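Written below as structure tokens is the structure these notes are about.
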Amino acid sequence: MLDESALKAIGQRLKKYRLQAGMTQKQLSEILDIDEQYYGQAERGVKKLSLEKLMLFCTHFQIPLDDIIHLEAKDEDDPIKHAQISQISQLLIDCSREELAMIESMVKNIDLLKRGI
């Protein structure tokens, strides 16, 4: 689960790329096919964008997913884990929406299994 500070950090990075491109929240929400208010809440770290919407965002700006979610290994001295996360991020860019939905479902199921639910 993402904590509040992680959501806010993701939101700040979403906003950074949007502003660098000179786009409004309305313009970007139309590209992502989501409500403008919902997108604004995502930038403020109140709401989460789905994996599909994050990938669409990254495709639009031609950036790797890791630039937005910026996953850090719990042990920052673990370069292998960081490299694996980067490799997975790069692989996701070429996935179809259907493939992303399947991957998202699998990751959620793994998380549920880890928590014993």
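The single residue among ASP78, ASP94 that is farther than 24 Å from LYS114 by Cβ and over 14 Å from the mean Cα position of the chain (by Cα) turns out to be ASP94. Applying the condition of being basic (Lys, Arg) and under 13 Å from the mean Cα position of the chain (by Cα) to the range 31-64 and asking which residue is nearest to LEU100 (Cα to Cα) yields LYS53. The residues on offer are ILE85, ILE68, and the sole one that is at pLDDT 85 or above, under 26 Å from GLU43 (Cβ atoms), of a type in the set (Val, Ile, Thr) and touching a helix residue (DSSP H, G or I) at 6+ places or on another chain (Cβ under 8 Å) is ILE68. Of everything listed in (1) farther than 15 Å from GLN62 by Cα; (2) in a helix (DSSP H, G or I); (3) of a type in the set (A, V, I, L, M), the single unmet condition for LEU14 is (1).
For the range 108-117, which residues satisfy the criterion of being aliphatic (A, V, I, L, M) and not in a helix (DSSP H, G or I)?
ILE117
Selection over the range 88-107 of residues that are in a helix (DSSP H, G or I), at pLDDT 85 or above, surrounded by 10 or more Cβ atoms within 10 Å (Cβ to Cβ) and not aliphatic (A, V, I, L, M) gives a count of 4. Is it true that ILE110 is over 20 Å from ALA9 (Cα atoms) and without any contact (Cβ under 8 Å) to a residue 12 or more places away in the chain? Taking the combined requirement at face value, the residue satisfies it. Screening ILE34 on (1) free of Cβ contacts under 8 Å to residues at least 12 places away in the same chain; (2) more than 18 Å from GLN12 (Cβ to Cβ) shows it passes everything except condition (1).
The values are calculated or read from the model by the stated rules, or taken from the named source; none is laboratory data. Just so we're clear, the structure is a prediction, and the values are computed from it rather than from any experiment. Cβ coordinates were reconstructed from backbone atoms using ideal geometry, including for glycine residues, and neighbour counts include every protein chain displayed.
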